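Data first, discussion second: the structure below is written as C-alpha cells.
Only the coordinates and a few stated rules stand behind these numbers; no lab work does. All values derive from a computational prediction rather than experimental measurement. Cβ placement follows ideal geometry from the backbone for every residue including glycine, while neighbour counts extend to all protein chains displayed.
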Amino acid sequence: MPFGLLAPWMLWVAAIVIPPLVLLYFLRLRRRPESVSSTFLWRRAVQDLQVNAPFQRLRRNLLLLLQLLVLALGVFALARPIVESTLTSEPSVVILIDRSASMNTVEEDGRTRFDRAREQARRLVRTFNQTGSRWLSLFSGVESLTRVMVIAYADRATVVSPFTTSMADVLDRIDQIEPTDGPTNLAEGLALAEAYMMQTRLEQSTESTEQASSIVLISDGAVPDLRDQVLRADRLRLIPIGAAIDNVGITSLRIQRNYERPEELSTFIQVTNFGDKPITTDLSILIDNRLVTVQEVTLAARPVARDDNAAVSETANVWQKGLTLTVPGQGLLQARLARRDALAADNAASIQVPAPRKLHVLLVSEKNWFLEKALAPLPLERLDALTPAQYEAAADDRLLADGKSIYDLVVFDKHNTDRLPAGNYLFIYAVPGLPGVGVKGEVGEHAMLWWDETHPVLRYVALDYLYAGKGLELELPERAQHLIEGPHGPVLARVLDEGRQCLILGFPIEVSTWWRNLPSLGVFIYNATRFLGSGGALAEQGSFRPGDALRIQLPAGVREAQLDRPDGSRDLVRADLSGVARYAGTDRVGLYQVPTGIPGRNRFPVNLEDPRESDITVRTDLDLGGVQVEVGDQIRNATPEIWRWFVGAALLFALVEWYIYNQRVMI
Amino acid sequence: MKGERRSRRKGDSAEFADYRNYVSGDDLRFIDWNIYARLERLLLKLFMEEEDLNVTILFDTSGSMDWGDPHKGLYVKRVAAALAYIGLVNYDRVSLFGYSDELVHEMRGIRGRRLVSQVLGFLDNLEYGGPSDLTTVARRFAMTHRGKGIVILLSDFLDKGGYQEGLRYLVGRDFDMYAIQVLAPDEIEPALAGDLKLIDIEDEDVAEVTVSKPLLKKYKQMLTAYCTELKDYCTQRGVTYLFTNTRVPFDTLVLSYLRQRGLIR
C-alpha cells in the first residue's frame, strides 16, 4: 500500500530539529567531573583503546544514533503517516451513503448503522487530498486532486455534496445528512452518481480522457435485486456496515370495516422474526392509546437458507393474525411489540381507523333498471339518483363537502364527465375526464379474455360466459390497473388520480349478457361498491409508508396549518386553491398530525411495514448487473494513520537508549 | 669515613664480594691476574664496601599524593617517618627531602635518636601541591649530593614528564637506591563509570573519558604495564623496586617487605 504523510511539513521540522540535537550531543555530553590523582594513565588507556578499537567511535555515538532515531520517529509520527488506500489516487470518487430504514439499526456499541456509515464516509473523505500539501508540492509538482461527491439515498437519492476538492466542505455536508426510515432505492442513487460522473467526464474530456472514477457504497447491503442495473462506473466498492441481525418487526397492518356491520373492524397483523433465535413476545393493540388486546407472538428463527423469492408468509418465522375488533368511532389503531430489538422503527405500526358509516351512493344515469336492481339490495345509508343533466347542473354544495365528494361512490352510467371531486367513481360505458384517459374507438361484440380473480372487485364474479354486444376501446394511462382484458384491450380498469379512484367498465351492462346472470352482476356491483366505498381510495388511506406524500385536506378557509412531526419538530403546510396541502417530508416513521385539520382526517401514521428494510442482516454479496460487487474493508481509523507505531517505536528506542546509557560499562 | 653498614656497593674493604668483567677505564689494580692466567679473561675483583651511612629519603609531595583513600601522602609520611626513625636509631645521617617540581622541603643530615621529634614535626608540617617533576628534582639532587648512602624514593611515579631520566640521574650518582611506588586502591581498581570529566588534581588537566568496561580493562592493563616497566627499569639499574598499595599497613611494609628487600635488617 502506498505510504503517505498527512503533515509532511513536519519533515521540515525534523530538518530543523535534528542538527541542533547532533550539535547539542557534542556540546552537551554532560560529563561528571571527577578528580583523579593523574589523568596520565587514563589518557594513555583511552588513546590505546581508540587505536585498537575502530568501532569505538561508533559505539560512543550509539546513544546519539539512538537519540536521532527516537527523534526521527517522533517527528515522523508528528508528520502523521498514513497508509493510504488505493482510492486516493483516483481523480473522482462518488460516495453513496445509505440512509434507508435498516440503517437505523442500533449496533452493539449503541450507535446506529447510519452513524457508523457517516463515520466511515468521514474517514474515507479524510484520506483524500491530504498529501497535497502546498509545501510538498514545491517538490512533487502540482498534484491532481481527488474530486469527491456525496450522495445519500433512501427512497430517493439526493446529492449531499456535488463534486468538489474541498474536503472540509464535504465533511460538513456529511455531518448534515439525516437518517430516514425510507426504503432502499439504490438504483436511483447509482443513476444519479453516474449522471454526475458522465457530466464530469464530459467536462474533463478536453484535458484527459482516461479519468478513472469510482463509486464507494456505504450500506448495510439491504438492497433489492440489482441485476437490472448496469454499472458504468469504473469501480464500485461496497463498505458493509453493521452486524446486528436481531429484529422482529411488524411487516403488515391492515384494517377494514365490515361492510354489513360497520362498527366491526377486521384487523390483519403480520409479525416477522428476522433474527436467528426463536422468540416469544407480546403484541399490544391500542386504539387511541387505550389497550384493547394483547396477543402472544411466538416466532421461530429465520430459516438459514434464505430464498428471497419464497413467499415470506410460508415460513414459521412469520406470525399472522386476523382480529375482529369493535371500534364504534374513528380512532388511531396502534400495534406495538413489547420486545426491544436492534431496529426500533418496525416495532410499532399504527393506522387511522375511519369512522363507521354506511355508504352514500349516487347513481347518475338515464334510468338503468339493471343497475338500480343491482344497487337496491345493498346495505346503503342512502341511494340518490340523478340524470346526467341534473348532475352537471347541480350546485357544488349538493355534491361537495371539504373539497371531497359527499358520496362514497358515484356511479356514472353512459355519461362522460370531468366534474370529479375527490371521491370514488364507477364509470359504466363512459370515461372520466382525467388526464390520459380517453376513448380510442368503439368495438363490437366481444368476450372477456382474462380477468384478475384475486382483485376484491372481481371476487366471486363469474365472467366465463360474459359477452358484450359493444364496447369502448379504452385509452388508459400507464399506471392504470387492468382488471379485465378483452380482445381489444382493457375492459375493466382502475385508475387513481389525485384523490379520485375510478373503476371504468368499457361496455354497457344492458348490451351484454351480464344482466342475464344477475347474481354475477350483483356480486360485481356489491364488490365494487364495497371496494370503492370503504377502503381503497387514496383519500382515506389509513397509513402511509416513509417517503409517501401526504395529502392533507384543510378546513375551508384555512390556508396554512402546522404539522407536528413524530420527532417533535414542526413544519408549516400551505393549502392550494382546493384546500389541499401536500407534505412530502415523511422520512421518519411515526404519527404526523395537523392539529387544526379536519378531525378524523388530520392524523397520518407512517409505518415501515417493509420486510426488506426490517431484514437487517448485512449482505455483502451485492450483485449488480450480474457482477459481484467488490467488498471493501472497513476504514478503521479516521485516516489509517500509523503514527502510534512510530510513537511506540520511539518509546521503545528511548527505553533501549536509557538501558544502554545505564549499562554503558557493559559495552 | 667508614660506617658499620655493609653497603651493597662494591668498595675497597678487605672482604671479597664478587667478580665482574673488566671494562676499559677500570682500575687495573683490581684485576685478578690469577684468573687471567687461568682463563685468559680480564676479571675485576670486587670488594664489599663498608660505609658511614647516609640515609636520604626523597618523597613526593606533589599534588597527586594528596589523594586516595587511604591517603597516599599520609602513607608516604608514615613510611618516611618510620625509615627516618630507623636511621636515626642506627646513628645514621638521615636527610629528608620533599619534592614536587623542586626540592621544596628539606631536612638535612640529622643524626641521633633525639632528633626524632624534629623529624616528625617536619613531616607533620608538610604541604602537598604542585606538579611533580622527578627529572628536575633528581638532577638537582644529584648535583648537590655525591655518591654513597641510601636513597629511598617514595612516589606514585605518576609523572607526566617520565621517571626514567630522573632515575638515571640518581642511579648515575651511584647511590644505593630504593624506589617505593605508592598507589591508592582507587588508582589500581578505579570505581568510575559513565561519562566523566577527569580532572588532574596536580595540573588541572582535564581528560574527557567515557568509562566503559573495555576502558577500565585497558586502564588496568596500562597501569600494570607501567608498573612493570618501572620495575624493570629499576631492576636493570640496580635499583630495588617495591610496589605498595596504601591499603597495606605501613608497618607491614616497613617491617616485612623492606626487610625482605634488604633495606633494613
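Label-to-label distance, residue A:260 versus residue A:384, with points set 7 angstrom from Cα along the beta-carbon direction: 2.9 nm. Computed over the Cα atoms of region B:8-157, the ratio of the radius of gyration to the Kirkwood radius (Rg/Rh) comes to 1.13.
To check you understand DSSP bridge types, tell me what percent of the beta bridges within chain B (both residues inside) are antiparallel, rounded to 5.
Details: 22 of 46 bridges.
Antiparallel bridges make up about 50 percent of those DSSP assigns within chain B.
Past 28 Å, Cα to Cα: identify those pairs from B:72/B:231; B:77/B:197; B:77/B:217, in the order given. Those over the limit are B:77/B:197; B:77/B:217.
Across region B:16-138, Cα pairs under 8 Å and at least six residues apart give a relative contact order of 24 percent. The Cα atoms of region B:115-265 cover 49, 34, 32 Å along the three principal axes, with the biggest extent listed first. Using only alpha carbon pairs under 8 Å that are at least six residues apart, calculate the relative contact order of chain B and give it in whole percent. Relative contact order of chain B: 17 percent. If I take R0 = 41 Å and measure r between the Cβ atoms of residue B:120 and residue B:220 in this structure, what FRET efficiency does the formula 1/(1 + (r/R0)^6) give, to the nearest 0.05? In this case the efficiency is close to 0.65.
Can you sort B:86, B:35 from fewest to most other Cβ atoms within 10 Å of each residue's own Cβ?
Details: B:86 18, B:35 15.
By the 10 Å Cβ count, ascending: B:35, B:86.
Measuring max minus min along each principal axis, the C-alpha atoms of region A:273-408 give extents of 65, 36, 26 Å (largest first). Here the Debye sum runs over all C-alpha atoms of chain B as equal scatterers in vacuum, and log10 of I(q)/I(0) at q = 0.14 Å⁻¹ comes out as -0.99. Calculate how large, on average over all directions, the projected area of the Cα convex hull of region A:448-524 is; give the answer in nm² to one decimal. Orientation-averaged projected area of the Cα hull: 5.1 nm².
Inter-part distance, region B:181-207 to region B:89-113, computed on C-alpha centroids, equals 30 Å. For region A:557-606, dividing the convex hull volume of the Cα atoms by the residue count gives 70 Å³ per residue.
If r is the Cβ-Cβ distance from residue B:174 to residue B:106 and R0 is 30 Å, what FRET efficiency results, to the nearest 0.05?
Details: r = 22 Å, r/R0 = 0.72.
Efficiency computed from Cβ-Cβ geometry: 0.90.
Restricting attention to the protein assembly as shown, close to 60% of DSSP beta bridges with both partner residues there are antiparallel. Near residue A:467, the amide H atoms lying under 5 Å from its own belong to A:513, A:514; only residues 5 or more places off or on other chains count, and H is placed 1.01 Å from N. Each DSSP beta bridge with both residues in region A:399-540 is either parallel or antiparallel, and the antiparallel ones are about 65%. Applying the criteria of a DSSP loop state and at most 10 other Cβ atoms within 10 Å to the trypsin sites (Lys or Arg not before Pro) of region A:414-502 yields A:479. Diffusion of region A:399-540 by Stokes-Einstein, at 4 °C in a medium of 1.567 mPa s and with Rh set to the Kirkwood radius over alpha-carbon pairs, works out to 86 µm²/s.
Of B:250, A:128, B:157, how do they rank once you tally other Cβ atoms within 10 Å and put the fewest first?
Placing the least packed residue first, the sequence is B:250, A:128, B:157.
With each pseudo-label sitting 7 Å past Cα toward Cβ, what's the residue B:255-residue A:68 distance in nm, one decimal? Result for the modelled spin labels: 6.3 nm.
Could you work out how much longer the chain between residue B:237 and residue B:16 gets when fully extended? Use 0.36 nm per residue separation minus the Cα distance between them, nm to one decimal. Write out the running numbers ahead of the final one.
Numbers: separation 221, 0.36 × 221 = 79.56 nm, distance 2.21 nm.
Stretched fully, the residue B:237-residue B:16 segment lengthens by 77.4 nm.
Dividing the mean sequence gap of close Cα pairs (under 8 Å, 6+ apart) by how many residues region A:557-606 holds gives a relative contact order of 34 percent.
Need one number: the % of Cα-Cα pairs in the protein assembly as shown sitting beyond the 38 Å mark.
Details: 298006 of 433846 pairs.
Percentage above 38 Å: 69.
Sorted from fewest to most neighbouring beta carbons within 10 Å, what does the list A:174, B:199 look like? Numbers along the way, then the final one.
Numbers: A:174 23, B:199 16.
So the residues, fewest neighbours to most, are B:199, A:174.
From its DSSP helices (H runs of at least four residues, each -39,500 (n - 2.57)), chain B gives a residue-normalised ellipticity at 222 nm of -9500 deg cm²/dmol.
Return the FRET efficiency for the residue pair residue A:31, residue B:164: r is the Cβ-Cβ distance, R0 is 41 Å, and the value is rounded to the nearest 0.05.
Working: r = 32 Å, r/R0 = 0.79.
Efficiency, rounded to the nearest 0.05: 0.80.
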